[in-house]
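Chemist: Supplied in structure tokens, the structure appears directly below.
The values are calculated or read from the model by the stated rules, or taken from the named source; none is laboratory data. None of these values were measured; they are calculated from a predicted model. Please note: Cβ atoms are built from the backbone with ideal geometry, for glycine as well, and neighbour counts cover all protein chains shown. Surface areas here come from the heavy atoms of the whole protein model, side chains and all, with no ligands, DNA or RNA. Shrake-Rupley method; radii C 1.70, N 1.55, O 1.52, S 1.80 Å.
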Amino acid sequence: MDHRPQAWGRPRDDVYGAYDGSYLQSGGPKTATQSPVVTGTSVVAIKYKDGVVIAADNLASYGSLARFTDVKRLRVFLGTSVVGFGGDVSDMQWLDRHLNELAIDESYDDEPSPSSLLSASPNKGHGKLNAANLHVYLQKLMYRRRNDFDPLWNQLLIAGLDAAGKPHLSSVDLRGTAFTSPSLATGFGAALAQPIMRRHAPTEEAAAALTREEAVGVVQECMKVLYYRDARSLDRYSIAVVTKEGVELKEDEQLERQSWAFAERIKGYGTQTV
Amino acid sequence: MTSIGTGYDLANSIFSPDGRNFQVEYAVKAVENGGTSIGIRCKDGVVLAVEKVITSKLLKQGANKRIATVDRHLGVVYSGMIPDGRHFIDRARDEARSWRDTFKNPIPTADLASRMGGYMQAYTLYQSVRPFGITAIVGGWDSELESGVDGEVGRGPSVGAGGKTPGKKYGGPFLYMIEPSGLYWGYYGAATGKGRQAAKAELEKLDLSADGESSLTLEEAVKEAARIIYVAHDDNKDKDFELEMSWISGADGPTKGFHQEVPKALREEAERLAKKSLEDEDEEEEKKEDDKMEE
């Protein structure tokens, strides 16, 4: 039995002889992105008392090749939220342009954004769409693309504030799966960084007790562990702190105080004989 | 009025024997009845202002904005028939978006003016349509920075995108006015609507000309704009109005290259100064009259 999709609905070769498919389209069923090409690795984020800290390294890999080393995977939306992108970089660029259009739509509206009202600064951008709204929007976008069999091959973290001005952190993946948590990580970070962050912020209450310095410290620690263990990562990274005052984004940070001493104890790789 | 067109005004796209399109001229009349709008281009930005005549006490104060954002760096204000203006804005937003879809960067102000000028001109050509009953003022700031492209993720080459002459200035403030005929020019200061004559006279007194050498700062321009709208309103005193103002500065200015409403505090300060300047003028005139009486 021929199980290839190209053979679906066609007369069986073993009964009717070879099927003459020359007058049919030969491409088979419509296919879209089957796998990501140029990829970004983990995004990590944790909530704290006044906001959210989010970070991602500056690498875009082409398979296992460290192809682009200055890729900014944290994108600011309306000056009030940050979206962190893991997964396919071209899909991220498409989403970035799409969010840019959305931000322009928001600027048509004359109502100033909640953050600009709070900080008494007119320059924080316009629009009422907060991070919680953005999360719902992106979930619906991703789920729809999945149902079109043309998924955007990303996992996104959305960091910002909700309508009540409370810190908001949430995730959407390429299937449209959406959830929130006091700390979140995509990709390899889900295995390596998440346990570290959960030690510091196991619950919403614990996250609400963290200071900004503690949260930034935890995220930096996670980035360092990820650089030690994830072969698709880089020691240059971007980190953003989102509060009601706006977004503080640093895009060219270097991992400090690395120690590779642990590497000596690792056995079972390369030319070693265990 | 009825005898003016003598049959040549019954349809668009028909010239009169002496080379006029009466429908376009009547559209200009519609503009001349609208609330005054002005635009001022100064060295570090553009200010747009409009005299929003209050047509009913049942309308919420400060609602129903007349100045619209077309793209983040572009603003439009218009005088004349408001529904025509709304459609103009819709179209301008579509044009700005389609430019971004194609070129992945913001539309330069000049290109938006050109496209919208072409659009309005098309409405003077066909039997099936009428010309726009508005004159629109388009203000924008074209970024002076190396801006890259929308969705760009990296730094790109360290030499920049290229195509630029070293030492030459790029970007800056731009101001255009588009008339119902589709005619558009770039201006240092533009005024249209009912009070345009008075407004133009005031604009001409300002030091706006010459690139970068205009002495007027953006904040001063906001105050001048408020004063000019108050002066232009003077002949129309029996009707109440609201002043609506927006501004666009460069990346290092107060709006960071975005088109935004002028902050409430600055607008109120500008209005206070505008009212004071009008009162002072009245007092001076009275004084002169008193002096004459004494003589």
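Chemist: Residue check: is B:Arg66 within 14 Å of another protein chain (Cβ to nearest Cβ), in contact with a His (Cβ under 9 Å, 6 or more places away or on another chain), touching a residue at least 60 places away in the same chain (Cβ under 8 Å) and open to solvent by 10 Å² or more (accessible area, probe 1.4 Å)?
Modeler: Considered against the rule, which asks whether it is within 14 Å of another protein chain (Cβ to nearest Cβ), in contact with a His (Cβ under 9 Å, 6 or more places away or on another chain), touching a residue at least 60 places away in the same chain (Cβ under 8 Å) and open to solvent by 10 Å² or more (accessible area, probe 1.4 Å), B:Arg66 comes out as no.
Chemist: Moving on. Are there any pairs with C-beta distances below 6 angstrom linking a residue in the range A:1-14 that is under 15 Å from A:Thr31 (Cα atoms) and in a helix (DSSP H, G or I) to a residue that is at pLDDT below 75 and not basic (Lys, Arg), with the two at least 6 apart or on different chains, and if so which?
Modeler: A:Pro5/A:Gly28; A:Pro5/A:Pro29; A:Gln6/A:Gly28
Chemist: Restricting the range B:163-179 to residues that are more than 20 Å from B:Gly257 (Cβ to Cβ) and assigned to a loop (DSSP other than H, G, I, E, B), which is most open to solvent (accessible area, probe 1.4 Å)?
Modeler: B:Pro166
Chemist: Against the condition open to solvent by 40 Å² or more (accessible area, probe 1.4 Å) and over 18 Å from A:Phe85 (Cβ atoms), how does A:Pro202 come out, does it pass?
Modeler: Yes: the conditions hold for A:Pro202.
Chemist: Could you look through the range B:231-253, keep only residues that are under 14 Å from B:Val47 (Cα atoms) and surrounded by fewer than 21 Cβ atoms within 10 Å (Cβ to Cβ), and pick out the one that is nearest to the other protein chains (Cβ to nearest Cβ)?
Modeler: B:Gly253
Chemist: Taking the range B:254-265, which residues are open to solvent by less than 50 Å² (accessible area, probe 1.4 Å), at the interface with chain A (Cβ under 7 Å from one of its Cβ atoms) and not in a loop (DSSP other than H, G, I, E, B)?
Modeler: Within the range B:254-265, just B:Gln260 meets the criteria.
Chemist: Ok, one more. For the range B:55-71, how many residues are under 16 Å from the mean Cα position of the chain (by Cα) and either aliphatic (A, V, I, L, M) or farther than 19 Å from B:His233 by Cα (or both)?
Modeler: 5
Chemist: Based on what the data block shows, is B:Glu144 away from chain A (no Cβ under 13 Å) and either of a type in the set (Val, Ile, Thr) or open to solvent by 50 Å² or more (accessible area, probe 1.4 Å) (or both)?
Modeler: Taking the combined requirement at face value, the residue satisfies it.
Chemist: I'd like the full set of residues that are open to solvent by 40 Å² or more (accessible area, probe 1.4 Å) and modelled with pLDDT of 95 or more, limited to the range A:29-62.
Modeler: Passing the criteria: A:Lys49, A:Asp50, A:Tyr62.
Chemist: Please determine whether any residue of the range A:222-239 is touching a Leu at 6+ places or on another chain (Cβ under 9 Å), crowded, with 16+ Cβ neighbours inside 10 Å, of a type in the set (Val, Ile, Thr) and more than 26 Å from A:Ala60 (Cα to Cα).
Modeler: No: zero hits.
Chemist: Looking at A:Ser115, A:Ser107 in this structure, which one is at pLDDT below 95, closer than 17 Å to A:Leu129 by Cα and either open to solvent by 40 Å² or more (accessible area, probe 1.4 Å) or facing chain B (nearest Cβ under 9 Å) (or both)?
Modeler: One residue alone meets the criteria, A:Ser107.
Chemist: So B:Arg41 ticks every box in (1) surrounded by 16 or more Cβ atoms within 10 Å (Cβ to Cβ); (2) away from every other protein chain (no Cβ under 14 Å); (3) more than 13 Å from the chain's Cα centre (by Cα); (4) of a type outside the set (A, V, I, L, M, F, W, C) but one. Which box is left unticked?
Modeler: If we test B:Arg41 against (1) surrounded by 16 or more Cβ atoms within 10 Å (Cβ to Cβ); (2) away from every other protein chain (no Cβ under 14 Å); (3) more than 13 Å from the chain's Cα centre (by Cα); (4) of a type outside the set (A, V, I, L, M, F, W, C), just (3) comes out false.
Chemist: If you go through the range B:70-84 one residue at a time, do you hit one that is open to solvent by 40 Å² or more (accessible area, probe 1.4 Å) and within 14 Å of another protein chain (Cβ to nearest Cβ)?
Modeler: yes
Chemist: Restrict the check to the range B:266-283 and report whether at least one residue is in a loop (DSSP other than H, G, I, E, B), open to solvent by less than 40 Å² (accessible area, probe 1.4 Å), away from chain A (no Cβ under 14 Å) and among the polar types (S, T, N, Q).
Modeler: Checked against the condition, which is being in a loop (DSSP other than H, G, I, E, B), open to solvent by less than 40 Å² (accessible area, probe 1.4 Å), away from chain A (no Cβ under 14 Å) and among the polar types (S, T, N, Q), the range B:266-283 yields no hits at all.
Chemist: Going through the range B:153-178 one residue at a time, which ones are of a type outside the set (Gly, Ala, Ser) and out of contact with any Lys or Arg (no Cβ under 8 Å at 6 or more places or on another chain)?
Modeler: Correct list: B:Arg155, B:Pro157, B:Val159, B:Lys164, B:Thr165, B:Pro166, B:Lys168, B:Lys169, B:Tyr176, B:Met177, B:Ile178.
Chemist: Can B:Gly212 be described as among the small types (Gly, Ala, Ser), modelled with pLDDT under 90 and surrounded by 12 or more Cβ atoms within 10 Å (Cβ to Cβ)?
Modeler: No: the conditions fail for B:Gly212.
Chemist: Here's something else I'd like to know. May I ask you to say which residue of B:Gly189, B:Gly182, B:Gly160, B:Gly195 is more than 14 Å from every other protein chain (Cβ to nearest Cβ), within 30 Å of A:Asp70 (Cα to Cα) and open to solvent by less than 50 Å² (accessible area, probe 1.4 Å)?
Modeler: Just a single option satisfies the conditions, and that option is B:Gly160.
Chemist: Can you spot a residue in the range B:70-89 that is aliphatic (A, V, I, L, M) and more than 30 Å from B:Val149 (Cα to Cα)?
Modeler: Checked the range B:70-89: at least one residue is aliphatic (A, V, I, L, M) and more than 30 Å from B:Val149 (Cα to Cα).
Chemist: Determine which member of the set B:Ser56, B:Ser3, B:Ser114, B:Ser16 is over 18 Å from B:Val129 (Cβ atoms), more than 13 Å from chain A (Cβ to nearest Cβ) and modelled with pLDDT of 95 or more.
Modeler: Checking each option against the conditions leaves just B:Ser114.
Chemist: For the subset of the range B:35-63 comprising residues that are of a type in the set (Ser, Thr, Tyr) and touching a residue at least 60 places away in the same chain (Cβ under 8 Å), which member is nearest to B:Leu218 (Cα to Cα)?
Modeler: B:Ser37
Chemist: Can you pull out every residue in the range A:67-99 that is open to solvent by 30 Å² or more (accessible area, probe 1.4 Å) and part of a helix (DSSP H, G or I)?
Modeler: A:Ser90, A:Gln93, A:Trp94, A:Arg97, A:His98, listed by residue number.
Chemist: Further question on the same structure: Residue check: is A:Leu192 crowded, with 22+ Cβ neighbours inside 10 Å and in contact (Cβ under 8 Å) with a residue 60 or more places away in the chain?
Modeler: no
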